[in-house]
Structures are given as C-alpha cells and as structure tokens.
Amino acid sequence: MKGTEKAYAAGLIDGEGCIHAVDAKRSHHCALIVSVTNTDLDMLFWLQERWGGHVKLHGPASHKRNCKTTWQWAITSKAAEKLLRDIYPYLRTKRLRAELGFRLRALIGKRGDFDPARYEAQQDVKVALAGLNRRGV
C-alpha cells in the first residue's frame with residue numbers, strides 16, 4: 001500500500017473517525033474498534049477495500065431537508081490494530097488514541113485465558129479512550 005493512501009486514511013481517521021473500546025460479547029476482554037461515519041459511501045468502501053471491516057447504515061436522513069443519510073465503516077481487534085499501525089506515522093489529532101489502542105491490544109490474552117488484573121487494565125484503557133472521545137473536550 002502506498003504511503004499516500006496511508007496518509008489519506010490517517011486524515012480520514014483524524015477528521016471523521018473514532019478510536020474506542022467496547023466490552024466484547026461472551027468473553028472477558030475489551031475489543032478495539034476504529035470507525036468512520038460519513039455521507040460519502042464510496043470513501044467508506046475505499047477504506048473497506050484496503051483494510052477490511054464492514055460498512056453499514058448509520059442513520060437515515062433526518063426530517064430536515066438538508067440532511068443526508070450517514071454510513072459507518074468499522075474495523076475491530078487485530079485488523080483495527082493493523083490499520084492503526086499502518087497510519088500511525090501520519091496521525092495528528094488521534095495519535096494518543098492510537099497509542100491507547102496499541103496498549104489495549106497488548107493486554108488481550110489468548111482466547112479463554114481470563115486474567116482479572118489484565119481485564120482491569122483493559123477497562124482502564126477503555127475509560128481513557130472514552131474520556132478522550134467525550135464531546136465538548
């Protein structure tokens with residue numbers, strides 16, 4: 001992949017993206033998620049073609065006349081970490097969030113290997129990401 005494509009993706013993540021963590025269903029760990037929400041479906045498919053993930057309807061156009069339908073591309077876990085490693089040199093505003101994502105991924109053990117201390121550390125990273133993503137901050 002070209003450096004210009006990685007830089008473009010970094011700009012999309014910096015400007016329109018979100019790096020966060022959620023509790024994974026049916027397991028005792030947190031999952032890293034990187035997403036971009038936008039009205040430009042082609043741009044989201046461009047991300048999907050290069051890094052995988054999925055594109056889904058995020059929100060229908062509102063009752064207001066000037067609103068467009070929004071779509072969301074999202075990627076999780078190892079694939080999200082790979083994306084962040086690819087674009088990390090080009091990130092500006094979401095650089096700390098990416099570093100927290102790397103820390104979260106490093107705390108995830110093997111499937112079925114639950115460690116309460118490691119889970120608590122994952123929760124700390126999740127809270128730190130949520131704090132950085134809070135509106136108005």
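The values are calculated or read from the model by the stated rules, or taken from the named source; none is laboratory data. Computed from a predicted model, the values in this text were never measured in an experiment. Methodologically, a virtual Cβ is constructed for each residue, glycine included, from the backbone with ideal geometry; neighbour enumeration extends over all protein chains shown.
Return the residue satisfying two criteria in turn: it lies in the range 75-87 and is surrounded by 13 or more Cβ atoms within 10 Å (Cβ to Cβ) and free of Cβ contacts under 8 Å to residues at least 40 places away in the same chain, and of such residues it is nearest to Leu44 (Cα to Cα).
Start the filter on the range 75-87 by keeping residues that are surrounded by 13 or more Cβ atoms within 10 Å (Cβ to Cβ), which leaves 75-77, 79-87.
With free of Cβ contacts under 8 Å to residues at least 40 places away in the same chain added as a condition, the list becomes 79, 82, 85.
Working: Ala79: 16, Lys82: 17, Arg85: 19 Å.
Only one residue fits best here, namely Ala79.
Kindly provide the set of residues from the range 89-110 that are without any contact (Cβ under 8 Å) to a residue 12 or more places away in the chain and either of a type in the set (Gly, Ala, Ser) or in a helix (DSSP H, G or I) (or both), ordered by number. Even if it seems obvious, please write down each step before you answer.
Here is the first cut: in the range 89-110, the residues without any contact (Cβ under 8 Å) to a residue 12 or more places away in the chain are 95, 99, 106, 110.
The answer is Arg95, Glu99, Ala106.
When you go through Arg103, Arg50 one by one, which is the residue that is under 27 Å from Gly131 (Cβ atoms), at pLDDT 95 or above and touching a helix residue (DSSP H, G or I) at 6+ places or on another chain (Cβ under 9 Å)?
Of the residues listed, the single one that is under 27 Å from Gly131 (Cβ atoms), at pLDDT 95 or above and touching a helix residue (DSSP H, G or I) at 6+ places or on another chain (Cβ under 9 Å) is Arg103.
Quick test for you: out of Cys67, Cys30, pick the one residue that is more than 16 Å from Gly17 (Cα to Cα) and under 17 Å from the mean Cα position of the chain (by Cα).
Cys30
So which residues in the range 10-29 are under 30 Å from Lys110 (Cα atoms) and either touching an Asp or Glu at 6+ places or on another chain (Cβ under 6 Å) or not in a strand (DSSP E or B) (or both), if there are any at all?
Within the range 10-29, Ala10, Ile13, Ala24, Lys25, Arg26, Ser27, His28, His29 qualify.
I want to confirm something. Restricting to the range 33-45 and keeping residues that are under 12 Å from the mean Cα position of the chain (by Cα) and crowded, with 16+ Cβ neighbours inside 10 Å, which single residue is nearest to Ala106 (Cα to Cα)?
First, pick out the residues of the range 33-45 that are under 12 Å from the mean Cα position of the chain (by Cα): 33-37.
This time we only want the ones that are crowded, with 16+ Cβ neighbours inside 10 Å, so: 33-36.
On the way: Ile33: 14, Val34: 16, Ser35: 20, Val36: 23 Å.
Only one residue fits best here, namely Ile33.
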